[in-house]
Each structure stands twice: as C-alpha cells, then as structure tokens.
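Below: the structure, in structure tokens.
The values are calculated or read from the model by the stated rules, or taken from the named source; none is laboratory data. Predicted model only: the values in this text are computed from it and were never measured. Here the Cβ positions follow ideal geometry from the backbone for every residue, glycine too, while neighbour counts run over all protein chains shown. Keep in mind that these areas ignore ligands, DNA and RNA; they rest on the heavy atoms of the full protein, side chains included. Shrake-Rupley method; radii C 1.70, N 1.55, O 1.52, S 1.80 Å.
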Amino acid sequence: MKRRSQIRPKKHHRVRNTILTIIGLLFVVGIGLGAYAYTKVNNTITKMQKTSTTTKSADKITNSKKPVSYLLLGTDTGELGRSYKGRTDTMIVMTINPKTKTTTMTSIPRDTLVTVSGQQMKINAAYAYGSAASATKAVEDLLDIDINGGYILINMGGLVKMVDAVGGVDVTSPLTFTAEGNSTNGGSKTQYSFVENKTYHMGGEEALAFSRMRYDDPNGDYGRQMRQQLVIKAILKNSAQVGTVFNDSFLTTVSNNVQTDVSTKSMKNLALSYRDAFGTVKQDQLKGTTQSISGLGSTEVMSQTEIDRVHKAITAQMAQ
C-alpha cells in the first residue's frame, strides 16, 4: 500500500548535505551586504545549479513555509585520487520543519539492497549507473516517501577543500581509532589517531580520514555515517561566519564541488524562513542486517519493520 500522499502528491520525474544550509546562508547574507556581495554569491549559486522538474513545486512549498525534504548525496569522486563518476557513498534524507523548528538527517547505508529497474544492486550504485534522479527515486521507492525539495550533491574531494576553506573544523571523536589518509608525495600514507571523547581541530585531509573509516568501527558503516554527520555539522558552524561566506577560496570550492537542483528562490526562502529549524538537528539511521548476496557481496538488507519505522519518522517530520 503506497503512502506517499502523506507527504505530497507523487511526481513522475525528479531529479551531503547540509551544504544546503550553507547555500541558504550565502544567499541571505549576500543580500544584506549589498550589490557586490549579492553578485558574488549569486555567481556561485548559478554555477552549482541544474534544472529540474522539482523546481516549481519546491518553490511553492518553501514560499508557503511548509516542511520540505532534500536528498544529500556525497560521491567518492575525487577521493584518494579517484576521478571517475563514482558512487554515492553518503546518502542522507534531510527534512526541515519550520513549524517545529527541527531538522532531521537520516542516513541510508551505502550497501543497502534495493531493486532498480528489476535489477538488484546496492543503493550507492543507483547514481553511478544513472543520475541524481535515479538515486532519488531509489531512496523514494525504498522508504515509500517523496523527496519534495530536490537534491544536493558534493564530491568527497570537495569535502577536503571545503573544510580547509572554512579554516578547519572542531569535532569530538565518538571512539578511539587510527585512520589512514592520503599518500604523502607518493610515499607512505599519513596516519591520523583519534581518542574517544577528545575534541580535535581538523584540516580537510584529517576530517576526510575521520569521516570515511568504517572497518575498525564496531558499528561499521553505521558508525561512519554518524561521523560524517558530525563533520557536516562542524562545517555548517564555521561556514555561517560572514568572513568565511565571502572568502574567495570558500566560494570557489563550493561552486566547483557542489551540484544541486534547488532554485535560487527556494534558497532565499530557506535562508529567510527556515533558519530556526537549523538550530535543532536530529540524527537517525536506517539499520539492517548484513547478508552476502551472490554477485553483490556484503549487503545491508532492511526489514519491513525498520523501513516502516523510518517512513513514519520522516512522515511525522513532514507533517504540517
């Protein structure tokens, strides 16, 4: 039984991240500081944007200050020297409710088993074999929801540059572990060590190592998802500063590494009418059981009970 009408009417075609919040802040601060600042920010936003059939309906939703949802995608393009299209190893459904003044980030494990066009695959391949639209549809079909705001896509190489552009981030490690970073001048790889409950000021490479490790985490990919969210929240905190917003390096990094179908109008609406909702950020995860599937290897299989739980949580957050 389909339940998508609880969120919004279904569309036929639709195309990490709290980068959306950064974009919204860029826009509203730019307006406040004058024509030059506005032009600078607008040029950055225009470079990131892609057209989509979601635009008009999303604009109508944010104009009315109703709850809105986005799919945040992080590809592995640019990570550790990779340059191919990549898979979306980070997938987060972000719901923003201006009435309850809360934002919820729900992570989808990269190895979640789904069926796309009759073929079984891991959900992180939906983008690699298609587009942001096919990745969005895979998430919608899995959770029986509609992503009514659009998508925001960032590559992991961009994450490194973005952290450096905001002057680094302060993150408290939830566990003790050592993570491997990039090779140094083609030689040995950098090792980063973290201690549970200790706060670190991280540069881009260290933040990437911190957020990508999963094999030594007792919670596996689920632990990695939570660390990714910690880095995202830290980037947001630093990027909200006016000095950072208009730093040329920061603007260039955002425009070169982020792609979105969120319109300028919706960004303005978010910045002006949804800002209080970014003050309270809740974290959730879709959790399954690990199974070996022929041809796919280790996958995460979701029970209907868990899918229903996440569906109901997102539906409740989207209630008007």
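In table form, for the structure just shown:
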{"quantity": "Cβ-Cβ under 9 Å pairs, at least 6 apart or on other chains, region 228-239 side of a type in the set (K, R), far side open to solvent by less than 10 Å² (accessible area, probe 1.4 Å) and modelled with pLDDT under 75", "calculated": "K233/T18"}
{"quantity": "Count - residues of region 113-127 that are hydrophobic (A, V, I, L, M, F, W, C) and assigned to a helix (DSSP H, G or I)", "calculated": "2"}
{"quantity": "Among residues of region 58-69, those that are open to solvent by less than 30 Å² (accessible area, probe 1.4 Å) and in a helix (DSSP H, G or I), counted", "calculated": "4"}
{"quantity": "Members of region 250-305 found to be of a type in the set (A, V, I, L, M, F, W, C) and open to solvent by 20 Å² or more (accessible area, probe 1.4 Å), listed by number", "calculated": "L272, F278, V281, I293, L296, V301, M302"}
{"quantity": "Residues located in region 128-165, provided they are over 14 Å from V93 (Cα atoms), in a helix (DSSP H, G or I), open to solvent by less than 10 Å² (accessible area, probe 1.4 Å) and in contact with a Ser or Thr (Cβ under 9 Å, 6 or more places away or on another chain)", "calculated": "G158, L159, M162"}
{"quantity": "Region 247-305, residues that are touching a Ser or Thr at 6+ places or on another chain (Cβ under 6 Å) and basic (K, R)", "calculated": "K282"}
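Conditions tested, residue by residue: (1) touching an Asp or Glu at 6+ places or on another chain (Cβ under 7 Å); (2) modelled with pLDDT of 70 or more; (3) under 21 Å from D284 (Cα atoms).
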{"site": "K2", "(1), (2), (3)": "yes, no, no"}
{"site": "R16", "(1), (2), (3)": "no, no, yes"}
{"site": "S64", "(1), (2), (3)": "no, yes, no"}
{"site": "E79", "(1), (2), (3)": "no, no, no"}
